[in-house]
1. Quick one: with all protein chains in place, what share of the accessible area of the range 11-136 is carbon or sulfur, to the nearest percent (1.4 Å probe)?
2. In square angstrom, what is the accessible area per residue of the range 116-226 with a 1.4 angstrom probe?
3. What does the charge count near F21 come to, summing +1 for each Lys or Arg and -1 for each Asp or Glu among other residues with Cβ under 14 Å from its Cβ?
4. Averaging sequence separations of C-alpha pairs under 8 Å and six or more residues apart, then dividing by the length of the chain, give the relative contact order as a whole percent.
5. Local charge sum around A155 (other residues, Cβ-Cβ under 14 Å, Lys/Arg +1, Asp/Glu -1)?
6. How many percent of all Cα-Cα pairs in the chain sit more than 26 Å apart?
7. Taking 0.36 nm per intervening residue step and subtracting the Cα-Cα distance, what contour gain separates R145 from T195 on full extension?
8. As a test of the formula, what do you get for the chain when each DSSP H run with n ≥ 4 contributes -39,500 (n - 2.57) and the sum is divided by the residue count, at 222 nm and rounded to the nearest 500 deg cm²/dmol?
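The values are calculated or read from the model by the stated rules, or taken from the named source; none is laboratory data. Computed from a predicted structure; not experimentally measured. A quick note on method: Cβ atoms are made from the backbone with ideal geometry, for glycine too, and the neighbour counts reach across all protein chains shown. Surface areas here come from the heavy atoms of the whole protein model, side chains and all, with no ligands, DNA or RNA. Shrake-Rupley method; radii C 1.70, N 1.55, O 1.52, S 1.80 Å.
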Amino acid sequence: MTGSVANPSRFRGFPPEATDFYRRLAADNTKRWWEEHRGTWEPAVRDPMRALTAELTDEFGVFHLFRPHRDTRFSKDKSPYKLHMGAVTEGEGGTAYYVAIDADGLFVGSGYHRMASDPLGRFGAAAAADRRGPALEAVLASLDRRIDVGGEALATAPRGYPRDHPRVALLRHKGLTIGRSFGAPAWLSTRRTLTVVRDTWRSGAAVHEWLDTHVGPSEEPPDERR
């Protein structure tokens, strides 16, 4: 990942060239094509993402922009470049805030993408509890219907919980995220995108508060997390 960038230009939106760039990259994901079109990626994708996240830092934290190159060492797919540009930050309580642009348009998400063993244990205990579990169900049910609830999940109940537990659907989660795909409406190329991203994250505040209160970030050293 690249570090944050100081004092980028004011965010003005993602131009149509951003989504078009990724459509074309998907058709020819090679170093030759990338180098020939890097002059499009920088002003249409990288620079707007830097500017967008810079304007959100005061409220959500310092963002890191993901590098465009894929790690192909352990993948059968050796295509060298990612088909999206993403940025992420972690709030003080542990919630991650993620925004990305790709061929389909804008995606905005938040939550706990993949929990290490200690937060996962706390999540299971809270989700199973008689008061805390129903409280999470209630805040998830109150979300805008256009918000998707996601996160990697087990096929069945985790060890220690019965398969017929009333909240088994929650207990199966190894990560819990909320997010929305907005596509590529006309406003994507304007400053309205900044408002949409901010408001989407704010709309999930009750979910973030539950997670930060009852789960929180891992306390294990990074190399011991599973």
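1. Here it works out to 51 percent.
2. 56
3. Charge balance in the 14 Å sphere: -4.
4. Relative contact order comes out at 24 percent.
5. Charge balance in the 14 Å sphere: +3.
6. Above the 26 Å cut-off, the chain has 43 percent of its Cα pairs.
7. 16.1 nm
8. Taken over the chain, the calculation gives -11500 deg cm²/dmol.
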